[in-house]
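Asks: One structure follows; several queries about it will come next.
The values are calculated or read from the model by the stated rules, or taken from the named source; none is laboratory data. Treat the numbers as computed from the prediction; the structure is a model and nothing was measured. Please note: Cβ atoms are built from the backbone with ideal geometry, for glycine as well, and neighbour counts cover all protein chains shown. Areas reflect the complete protein model, heavy atoms only, side chains present, ligands, DNA and RNA absent. Shrake-Rupley method; radii C 1.70, N 1.55, O 1.52, S 1.80 Å.
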Amino acid sequence: MSHAIITSDISVQIQGKTILHPTSISIKKGENVGIIGRNGAGKSTFMKAMLGLIAHSGGSNLSSKTLSDRVRLASWVPQDRELVWDIKVETLLQFTIEKVKETENFKAIKKFIDTKDALSITGTLKLANARIKSLSGGELTSVLIARALVQQTSIIFLDEPLASLDPIQKRTILEVLQEMSQSGKTIISSLHDIELGKEYFSKYIAMREGSVICEGTPLQILKKKQFDKIFVEKNSVC
Amino acid sequence: MHKFLRQKKLLSKKFVAYSIVSLLALFSFLSLRIGYVNIDFFSAIMNGISGQKTTDTIILFELRLPRTLMCLIVGAGLGLAGAALQGYLRNPLAEPSIVGISSSAALGAVLCIGLGINTISFFYTPIFALSFAMVACLILIKLTQNTVSRHSVILIGVGISALSGSLTTLILSLSDNPFAINEIVFWMLGSVTDVSYFHVLLAGPMVLVGSVFLLRCASDLNLLSLGEETASSTGVNIGRLRLNILFGTALIVGGTTSVTGIVGFVGLVTPHMVRPFVNYEPKKTLIWTPPIAALLILVSDIAIRILPTTGEIKLGVLTALLGTPFFLYLIGQQRD
């Protein structure tokens, strides 16, 4: 199976401080990957660097590409879900469609997903005409995932999509992510709900203090010994 | 109300566009007719066309026409700059005068005049205003790059405004100018009284070029409604967007402020008036704001001439009087 993402010594320094130490990993196509670790471990930074959203050294097969090529390959679901303008859900998705239609290789897409398709995949079709400020946290997250879907990319990054959702909403989002990965998309998502996520993700990548310290299936990672190494012990290596 | 009108098909795009254009034409006409002196309007036009110079033609063509044109330029320009800043900063409280760009531009103009550089060439005044507006804009963009809260954007503006306001006052007080107080009032509270075609030709092209920069941001502002990172992941070139905002805003604010002084709040209020009618979409807000803002300034300037006051109220005073309560209302609406 070929790889969706390969990073080679990707690292991030901000104001002389190393936020992400040189990291080389690879993620297979169609995998549903959870990036776990404590707050400040560098999960978001790692994802943003892979996607080329922030300045970094080294690189990934994505970040080395031009902006318009990256747009065709990977989309982003932000953690910051503060929306200032009270636009309609469908309009929000339409903005992205209008923009990516400008990119050169857009016409080459075989299976095109429009706003209605994307909203029904994430179970939010009935919200198409709702205003985004009227949505609940879970609904908004689903809508933002639908927005990533209309970008027609094979890879989707999500920055803590489960943050501040209730258990039912979390489950709904996890199901959506799992379905998307089963349909061939590569999902990379940071999360804290490692217990809840273990049935849904195919792989966990664990981070601590700006480094990836181990990778494996959720069950491997959640064994007490491993768990302690990631979350409790200092300076341990898995 | 607008929902009802839309249902009744009274708010089709064409109808709205025609209405705005007709209103602009109507109020431009009124702006030419209304003044402190009653003139024989139609014979003045006829005389003007046939090249005769009477008192009436001078009042109409050399006082009222440039003033009317300036109202349209200032209104459209500042409205556009306000809508662009609100879209770029994702902040409904942003506006050139509130974030300190206008006062910085005024400082540039005053510095140029204070140092006597404007006597070398008139063009230096707008160039100074433009440069200072650009510096303020640059500071704002730099400080807001790592997403700060909405209120801190306004506080940055308060800082820049306070600094440039006091420097402006200082320069005018130190200058050997018997009319220093008048000058301070002029720069702090803008006015379109006594503008000439020269001023129109100075500010007009700058506003026009600045508008091109800002209108090029229209689609990107739509995508920016999800934040810079998401916009960037959909193909928005954030660096280029910033440059467009920087040059566009500085050109418009520098150009208008160097001629009329600070006219505040029109860039704040107008986008909020437009938004409910365009489904809150940033691009459409940007496009529809300039004509409405031009209308607003035109009406305000007519009101100034009609109001029975002893001296003429400054345009900046009226816009601030109308805008400040709205600004306070908006602050109350924010949940930060």
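Asks: Rounded to the nearest 10 Å², what accessible area does residue A:3 have for a 1.4 Å probe in the complete protein model?
Replies: Roll a 1.4 Å probe over it and residue A:3 shows about 80 Å².
Asks: Between residue B:277 and residue A:98, take the C-beta separation as r, use R0 = 22 Å, and let me know the FRET efficiency to the nearest 0.05.
Replies: Working: r = 20 Å, r/R0 = 0.92.
Rounded to the nearest 0.05, the efficiency is 0.60.
Asks: Tally Lys and Arg at +1 and Asp and Glu at -1 over the other residues with C-beta under 13 Å from the C-beta of residue B:44: what net charge comes out? Present the calculation step by step, with values, prior to reporting the outcome.
Replies: Working: positive: B:33, B:53, B:64; negative: B:40, B:56, B:62.
Local charge sum for residue B:44: 0.
Asks: If each DSSP helix of 4+ residues adds -39,500 (n - 2.57) and the sum is divided by the residues in chain B, what number results at 222 nm, nearest 500 deg cm²/dmol? Each step should come with its number before you reach the end.
Replies: Working: 15 runs with 237 residues, N = 336.
Mean residue ellipticity, 222 nm, calculated: -23500 deg cm²/dmol.
Asks: Restricting to Cα atoms and excluding each atom paired with itself, what does the Kirkwood estimate give for the stretch A:166-231 in Å? Display every interim value, and only then the final one.
Replies: On the way: mean 1/r = 0.0789 Å⁻¹.
After inverting the pairwise mean of 1/r, the radius is 12.7 Å.
Asks: Mind checking B:218-225 for the average number of partner chain beta-carbons within 10 Å of each residue's beta-carbon? Numbers along the way, then the final one.
Replies: Numbers: counts 0, 4, 2, 2, 9, 6, 3, 8.
Taking all residues of B:218-225 together, the mean is 4.
Asks: Hey, can you list the residues from the stretch B:266-314 whose accessible area shrinks by 50 Å² or more with all protein chains present, relative to the chain by itself (probe 1.4 Å, no ligands or nucleic acids)?
Replies: Buried by the other chains: B:279, B:280.
Asks: Distance cut-off 31 Å, Cα to Cα: go down the list A:65/A:223; A:99/A:198; A:43/A:223; A:28/B:142; A:29/A:198; A:198/A:234 and report the pairs above it.
Replies: Working: A:65/A:223 38 Å; A:99/A:198 36 Å; A:43/A:223 21 Å; A:28/B:142 39 Å; A:29/A:198 19 Å; A:198/A:234 24 Å.
The pairs that break the limit, which is 31 Å between Cα atoms, are A:65/A:223; A:99/A:198; A:28/B:142.
Asks: Additional query: Roughly how compact is chain B, stated as its Cα Rg over 2.2 N^0.38 Å to two decimals?
Replies: Against the empirical 2.2 N^0.38 Å value, I get 1.00 for chain B.
Asks: Next up: Per the Kirkwood formula on distinct C-alpha pairs, the Rh of the stretch B:284-323 is how many angstrom?
Replies: It works out to 11.1 Å.
Asks: Rounded to a whole number, what is D in µm²/s for the stretch A:1-100 from Stokes-Einstein with the Kirkwood radius over alpha-carbon pairs (37 °C, 0.692 mPa s)? Provide the component values of the computation, followed by the final result.
Replies: Details: Rh = 15.3 Å.
After rounding, the answer is 215 µm²/s.
Asks: Using a Cα-Cα cut-off of under 17 Å, which aspartates and glutamates could be cross-linked to residue A:48, ignoring same-chain neighbours fewer than 8 residues away?
Replies: Result set, ordered by chain and number: A:9, A:69, A:80, A:159, A:160, A:209, B:228, B:229.
Asks: For q = 0.12, 0.13 Å⁻¹, what log10 I(q)/I(0) does the protein assembly as shown give under the Debye formula with an equal point scatterer on each alpha carbon and no solvent?
Replies: -1.12, -1.24
Asks: Going by Cα centres, the stretch A:94-145 and the stretch B:61-106 are how many Å apart?
Replies: 35
Asks: I'd like the Karplus ³J(HN,Hα) series for the stretch B:270-282: coefficients 6.51, -1.76, 1.60, θ = phi - 60°, whole numbers in Hz, and an x wherever there's a Gly or Pro.
Replies: Whole-Hz 3J(HN,Hα) from phi for the stretch B:270-282: 4, x, 5, 5, 6, 3, x, 8, 10, 6, 6, 7, x.
Asks: Please find, in a Gaussian network model of chain B (springs between Cα atoms separated by less than 10 Å), the residue of B:220, B:194, B:301 whose mean-square fluctuation is greatest.
Replies: B:194
Asks: Would you mind telling me the share, in percent, of accessible area of the stretch B:93-236 contributed by carbon and sulfur at probe 1.4 angstrom?
Replies: Values: 4470 of 6210 Å².
It is 72 percent, rounded to a whole number.
Asks: So what's the back-of-envelope 222 nm ellipticity for chain A, counting only DSSP H runs of four-plus at -39500 (n - 2.57) apiece and dividing by all residues, rounded to 500? Intermediate results must be reported in sequence, preceding the final value.
Replies: On the way: 9 runs with 81 residues, N = 238.
Estimated from H runs of four or more residues: -9500 deg cm²/dmol.
Asks: How are the C-alpha pair distances of the stretch B:4-109 spread across 5 Å bins, as whole percents from the shortest bin up?
Replies: Over the stretch B:4-109, the share of Cα pairs per 5 Å bin runs 2, 10, 13, 13, 12, 14, 13, 10, 8, 4, 1 percent.
Asks: If one computes the Cα centroid of the stretch B:234-299 and of the stretch A:158-197, what distance in Å separates the two points?
Replies: Comparing the Cα centres of the stretch B:234-299 and the stretch A:158-197, I get a distance of 40 Å.
Asks: While we're here: Kindly provide log₁₀ I(q)/I(0) values, in the same order as q = 0.20 Å⁻¹, from the Debye equation applied to equal alpha-carbon scatterers of the stretch B:193-266.
Replies: Log10 I(q)/I(0), no solvent term: -0.82.
Asks: So what's Rg/Rh here for chain A, counting alpha carbon atoms and using the Kirkwood radius for Rh? Please list the in-between numbers first.
Replies: Details: Rg = 17.6 Å, Rh = 18.3 Å.
Result: Rg/Rh = 0.96.
Asks: Now, a different point. Shielding by partners for A:90-100, please: the mean number of other protein chain Cβ atoms within 10 Å of each residue's Cβ.
Replies: Numbers: counts 0, 6, 5, 0, 2, 13, 8, 1, 5, 8, 3.
Per-residue shielding by partner chains comes out at 5.
Asks: What range in chain B is the longest one free of trypsin sites (Lys or Arg not before Pro) that are in a loop by DSSP and have at most 12 other Cβ atoms within 10 angstrom? Could you put the intermediate results ahead of the total?
Replies: Values: sites that count: B:8, B:9, B:53, B:335.
The longest such stretch corresponds to B:54-334.
Asks: To the nearest 20 Debye, how big is the dipole of the stretch A:120-237 about its Cα centre, given +1 on the beta carbon of each Lys and Arg and -1 on that of each Asp and Glu? Can you show the working numbers first?
Replies: Values: 15 positive and 13 negative charges, 7 e Å.
Approximately 40 debye in magnitude.
Asks: Would you tell me the accessible area of residue A:114, worked out with a 1.4 angstrom probe on the heavy atoms of the protein chains, in Å² to the nearest 10?
Replies: Here the residue's solvent-accessible area equals roughly 60 Å².
Asks: Let me ask something else. Residues with amide H under 5 Å of residue A:203's amide H, sequence separation 5 or more or different chain, H placed in the peptide plane at 1.01 Å from N; which?
Replies: A:32, A:34
Asks: Semi-axes of the equivalent ellipsoid of the stretch A:102-228: what are they in whole Å, largest first, if each equals the square root of 5 times a C-alpha gyration tensor eigenvalue?
Replies: Working: eigenvalues 163, 70, 30 Å².
Gyration-tensor ellipsoid for the stretch A:102-228: 29, 19, 12 Å.
Asks: Would you calculate the convex hull of the Cα atoms in the stretch B:86-234 and tell me its volume per residue in Å³?
Replies: Here the figure is 120 Å³ per residue.
Asks: Now for a separate question. Would you report the distance distribution of C-alpha pairs in the stretch B:213-336 as whole percents per 5 angstrom bin, up to the bin with the largest distance?
Replies: Using 5 Å bins, I get a P(r) of 2, 10, 15, 19, 19, 17, 10, 5, 3, 1, 1, 0 for the stretch B:213-336.
Asks: I've got another one for you. Work out Dmax and Rg for the stretch B:98-164 from the C-alpha atoms and quote the Rg first, both in angstrom.
Replies: 13.4, 44
Asks: If you don't mind, there's one more thing I want to ask. Nearest 5 percent is fine: what portion of the DSSP beta bridges confined to the protein assembly as shown is antiparallel?
Replies: Working: 16 of 32 bridges.
Restricted to the protein assembly as shown, the bridges split so that about 50 percent are antiparallel.
Asks: Can you return the aspartates and glutamates within cross-link range of residue B:314? Criterion is Cα-Cα under 17 Å, with same-chain partners fewer than 8 residues away left out.
Replies: Filter leaves B:183, B:194, B:301.
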